[in-house]
Amino acid sequence: ITCQIIDVQTQKPAAGMQVLLRPLNQSGHVYSSNTDFNGQIRSWGFCGIEGLGHYLRKEMINGKCGWQIQFESGRYFGNNTSWPLIEVNFYAGASGNFHISIEIGKYSY
């Protein structure tokens, strides 16, 4: 599971935004990372050397897992935004990559 965020105010990647990822199966796991200079997350902090794929298989039920990704936009914009937190819920399986791309501004996404 990867993501990329573009800041529409600057028309540049949103570098340094914290993003949280959690399975919807109530396991209690939270995966966290910050976007890089390209506004991307390619790996998740909690996962260590094994990568998210290792944990994804543990979280799955019947071949798929519901996930919530949470973009900490309030922190990124210094709480000067209409969207302090953006949450997206989705299903992903272990069969391939899953990528989420968003464009965000202080008053839109």
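The values are calculated or read from the model by the stated rules, or taken from the named source; none is laboratory data. Just so it is clear, the model here is predicted, and its values are computed rather than measured. Methodologically, a virtual Cβ is constructed for each residue, glycine included, from the backbone with ideal geometry; neighbour enumeration extends over all protein chains shown. The area values use the complete protein model at the heavy-atom level, side chains included, leaving out ligands, DNA and RNA. Shrake-Rupley method; radii C 1.70, N 1.55, O 1.52, S 1.80 Å.
In the range 1-13 there is at least one residue that is at pLDDT 90 or above, touching a Ser or Thr at 6+ places or on another chain (Cβ under 6 Å), more than 18 Å from GLY74 (Cβ to Cβ) and of a type outside the set (Val, Ile, Thr).
Here the condition is being at positive phi, modelled with pLDDT under 85, open to solvent by less than 50 Å² (accessible area, probe 1.4 Å) and of a type outside the set (Phe, Trp, Tyr); of GLY51, GLY66, it holds for GLY51 alone.
Residues in the range 71-93 that are open to solvent by less than 50 Å² (accessible area, probe 1.4 Å) and part of a loop (DSSP other than H, G, I, E, B): GLU72, PHE77, THR81, GLY93. Of all residues in the range 8-42, those being in contact (Cβ under 8 Å) with a residue 60 or more places away in the chain, surrounded by fewer than 20 Cβ atoms within 10 Å (Cβ to Cβ) and of a type outside the set (S, T, N, Q) number 3.
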